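The values are calculated or read from the model by the stated rules, or taken from the named source; none is laboratory data. Remember, predicted model here, so these are calculated numbers, not experimental data. Glycine also receives a Cβ, built like all others from the backbone with ideal geometry; neighbour counts cover every protein chain displayed.
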Amino acid sequence: MLLSYFLKTIVRVGTLDVIEANGRQHRFSGTPSPQVTVRLHDRGLPTRLYLNPDLAVGEAYVDGTLTIEQGTLSELVEIMARNMDNGPLDPIFALRSKIWLLIRSWQQNNPIWRSRENVAHHYDLPDRLYDLFLDGDKQYSCAYFMDQNDSLETAQTAKKRHLAAKLLLEPGQKVLDIGSGWGGLALYLAREGGGEVTGLTLSKSQLEVARQRAAKARLDQKVKFHLRDYRQQEGQFDRIVSVGMFEHVGVKHYEQFFSSIRNLLKDDGVCLLHSIGRMAGPGTTGPWMRKYIFPGGYSPSLSETLTAIEKSGLWVTDIEILRLHYAQTLKHWRERFEKNRGEIAGTLDERFCRMWEYYLALSEAAFLYCDHFVFQIQIAKRRDAVPLTRDYIGDWEREHMKPLGRQRPQQVA
């Protein structure tokens, strides 16, 4: 079968045993571990797996036509991820990758109406789902692990503190949070910085929760949330922050995004952009992730992001790369999802659980074995908008840090 030829070509790490629907078994081995055995229950599945493995593996796992007989889903995804670089050795794989790169602007064409649809697809799911695997503040973005043994709650608090430190918050400032989610960061910035915060989201569900949280915290006069696209926002702000939203903008809209930042930012203002990125240069979003999890989404390379910033006439005043923090974050999410799987299946269904198990495992592998990382880019209109050195970041964090009682911190990177 063509799939056998393909797997013999690319598998250099791990051992993968494949049992066909007719009972015939094949072994593809590069190294002894990880070792995984999968069974294919559909006679047509091997052809689909060869022609479009990025889509077909996920669909088959979710539909139950591919089951794991030995090993775990994480180990299967590890074998896939660690052998991905060998894919272009197959001519069909190489051709498919080139075609996807050519049409990626069409795949990521996100006018306002489509952006609303894309957000609703992922974020307007039952709120209880996110309660069952996120931290208590419902931070759905990369945490900041000052120590590899930090709890998820500790690391997410550290993330908010790290972002706030880079924003150089002062009382009385007007702050814009683009992609404010369930409101946790906006509320933190208002409490710790003493300014007025405007939060933008395209999710009706998130908007309702964020407004309820602001009222409960008695911050609803200082923190206002709106169902609004960044392209519709008016006014000017001292500080702008965007966390985990840039991945939904789309490459053809980058120049418009940073033009909006320039128009919304005061002359002495500071903006902080926190986004998933990729080390290997411009690429595409895998078809399974694009179809089922994040339609219109894309993790940009640093090079294409910086090119768009340069064209906007803005200054890049600081860049930080978080290499392994998201892998740690996703590990916590995956483990919490598994712990609460029974309730999630009852709220949604078994198929949904398999889909999200695959999504979380695939995402974790992207940061452990592939080219994904997180970048934080500090942006300003003026080169002197921030201090000469980065000492102010640590100073602010220490001033706002609650005692954690840890010793000998081990940096995660």
Practice task
Would you please name the residue that is surrounded by the fewest Cβ atoms within 10 Å (Cβ to Cβ), looking only at residues in segment 264-304 that are among the charged types (D, E, K, R) and within 30 Å of ILE393 (Cβ to Cβ)?
Solution key: ASP267
Fill in the blank from the handout: Taking segment 182-213 and keeping residues of a type in the set (A, V, I, L, M, F, W, C) and more than 20 Å from LYS159 (Cα to Cα) leaves LEU202, LEU207, VAL209
Problem - Number of the exception - THR317 against (1) under 16 Å from the mean Cα position of the chain (by Cα); (2) within 26 Å of SER260 (Cβ to Cβ); (3) of a type in the set (Ser, Thr, Tyr) - result: (1)
Practice task
Return a yes/no flag: does segment 53-72 have any residue that is closer than 23 Å to MET279 by Cβ and surrounded by fewer than 13 Cβ atoms within 10 Å (Cβ to Cβ).
Solution key: no
Practice task
Filter segment 251-293 down to residues that are under 19 Å from LEU163 (Cβ atoms) and among the hydroxyl-bearing types (Ser, Thr, Tyr), then give me how many there are.
Solution key: 1
Problem - Boolean, ARG262 is closer than 13 Å to GLY179 by Cα and assigned to a helix (DSSP H, G or I) - result: no
Practice task
Given the conditions (1) in contact with a Leu (Cβ under 9 Å, 6 or more places away or on another chain); (2) surrounded by 16 or more Cβ atoms within 10 Å (Cβ to Cβ); (3) closer than 30 Å to LEU200 by Cβ; (4) not hydroxyl-bearing (Ser, Thr, Tyr), report the number of the one that GLN107 does not fulfil.
Solution key: (1)
Exercise for the section: Sort out for me the helices (runs of 4 or more DSSP H) sitting completely within segment 1-119 that have 1 or more residues that are of a type in the set (Phe, Trp, Tyr). Expected result: 2-10, 45-51, 53-63, 91-102, 104-107
Exercise for the section: Identify, from the list ARG114, ARG191, the residue that is out of contact with any helix residue (DSSP H, G or I) (no Cβ under 9 Å at 6 or more places or on another chain), surrounded by fewer than 20 Cβ atoms within 10 Å (Cβ to Cβ) and modelled with pLDDT under 95. Expected result: ARG114
Exercise for the section: Look through THR329, THR347, THR317 and report the one residue that is assigned by TED's automatic domain parsing to the domain that holds ILE379 and surrounded by fewer than 19 Cβ atoms within 10 Å (Cβ to Cβ). Expected result: THR347
Exercise for the section: Among the residues of segment 269-318, write down those that are of a type in the set (Lys, Arg) and under 23 Å from TYR369 (Cα atoms). Expected result: ARG278, ARG290, LYS291
Exercise for the section: Considering every residue within segment 126-134, establish whether at least one is in contact with a Lys or Arg (Cβ under 6 Å, 6 or more places away or on another chain) and assigned to a loop (DSSP other than H, G, I, E, B). Expected result: yes
Practice task
For segment 122-144, state whether one or more residues are in contact with a Pro (Cβ under 6 Å, 6 or more places away or on another chain) and under 26 Å from GLU399 (Cβ atoms).
Solution key: no
Exercise for the section: With respect to SER260, determine if the residue is touching a helix residue (DSSP H, G or I) at 6+ places or on another chain (Cβ under 7 Å) and either hydroxyl-bearing (Ser, Thr, Tyr) or within 17 Å of TRP100 (Cα to Cα) (or both). Expected result: yes
Fill in the blank from the handout: Per the filter on segment 21-74, residues touching a Pro at 6+ places or on another chain (Cβ under 7 Å), without any contact (Cβ under 8 Å) to a residue 60 or more places away in the chain and closer than 19 Å to PHE6 by Cβ are LEU40
Exercise for the section: From LYS174, LYS204, grab the single residue that is at pLDDT 95 or above, touching a Phe, Trp or Tyr at 6+ places or on another chain (Cβ under 6 Å) and surrounded by fewer than 19 Cβ atoms within 10 Å (Cβ to Cβ). Expected result: LYS174
